[in-house]
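The values are calculated or read from the model by the stated rules, or taken from the named source; none is laboratory data. Given the structure is predicted, the values throughout are model-derived calculations rather than measurements. Here the Cβ is made from the backbone with ideal geometry for all residues, glycine too, and neighbour counts use every protein chain on show.
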Amino acid sequence: MEKGAQVSKSAESPAEDISKISDEELLKWGKEELVRRLRRAEAGKRGAIVEHGNLMREVNRRLQQHLNEIRSLKDVNQKLQEDNQELRDLCCFLDDDRQKGKRVSREWQRLGRYSAGLMRKEVAIYLQKLKELEQRQLEVIRENLELKEVCLMLEEERTAAVAGGVVGGPRRNRA
């Protein structure tokens, strides 16, 4: 009975590996015990194979999920790269436009400075001409006053001559 107790005690441990049991020990067991242990080992291996299959299915399922996620991320990445390129192109366009704006602004500033300088010169010329015209006008006014005085003096002389000629002198206009 001691041998049977030993056999059943050894048979009770589920983690027991038959390959680790010595040949002498295996020879001590009976055919039924060996068959039972062999069936148990096969069942354990089948269970391990089934569990391995389940694990492989789970790994494959997760791998498929990861592959799908990678594809999705690649699509998103491609879209983002296209958007990025579009934004780069837009930035280049806007930078070119900004540079053109700066050039145009500088040209307008140059034109403004040139125009302002030209206007200052022209205004100075017109002011000089205005001064000259004012002086000329004053001269003309003076000449007109002098001519007026001469005309008045001549008128007075003529009036005096006419008055003196009627009274006593011959007329010069008839000859």
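Scanning the stretch 118-160 for residues that are modelled with pLDDT under 95 and of a type in the set (Gly, Ala, Ser) gives a single hit, ALA160. It is to be established whether one or more residues within the stretch 161-175 are among the basic types (Lys, Arg) and part of a helix (DSSP H, G or I). No, the conditions are met nowhere in the stretch 161-175. Annotation note: of ARG88, ARG36, the sole residue that is touching a residue at least 24 places away in the same chain (Cβ under 8 Å) and surrounded by 10 or more Cβ atoms within 10 Å (Cβ to Cβ) is ARG36.
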